[in-house]
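Nothing in this text is a laboratory measurement; each read-out follows from the coordinates by a stated rule. Being a predicted model, the structure only gives us computed values, none of them experimental. Reconstructed Cβ throughout: ideal geometry from the backbone, glycine too, with neighbour counts over all protein chains shown.
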Amino acid sequence: MSAKAVEEWATEGFLLSEKDFAYKGKVPGVRPLKLLPYKSLNLNEPWENSVIAHELKTKGIRGLVEDYQNTLQKIASHWFRAVRNS
């Protein structure tokens with residue numbers, strides 16, 4: 001979960017969904033999510049033989065890495081500032 005998502009969730013008071021909540025991929029006023037096509041995998045083969053790459057997964061992972069790096073950069077910046085001022 002990205003830091004931005006956690007901040008928004010915190011702002012809303014860390015609300016949780018009802019017990020029987022099921023995400024339908026539709027939010028009013030927001031473009032629906034694209035479904036990832038299902039592909040059956042042979043679980044008896046070595047995992048290295050499976051091709052699991054997908055453009056949306058790659059895009060999501062890149063976004064996660066960028067957010068993580070930004071978070072670390074902010075933490076490091078605050079830490080260095082605190083060390084310099086002490």
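So, in the chain, how many Lys pairs have Cα atoms under 21 Å apart, if the pair is 8 or more places apart or on different chains? Final tally of qualifying lysine pairs is 14. Using the alpha carbons alone, the radius of gyration of the chain stands to its Kirkwood radius in an Rg to Rh ratio of 1.11. For the pair A76 and L56 in one chain, pulling the backbone fully straight at 0.36 nm per residue adds 4.2 nm over the alpha carbon distance.
Could you give the angle, 0 to 90 degrees to the nearest 10, between helix 55-85's Cα long axis and the longest principal axis of the Cα atoms of the chain? Orientation of helix 55-85: about 10 degrees from the principal axis. Please return the longest stretch of the chain lacking exposed loop sites, where GluC sites (Glu not before Pro) count only if DSSP places them in a loop and at most 15 other Cβ atoms lie within 10 Å. No qualifying site falls inside 19-86, the longest such stretch. Calculated FRET efficiency, E7 to N44, Cβ-Cβ distance, R0 = 30 Å: about 0.10 to the nearest 0.05.
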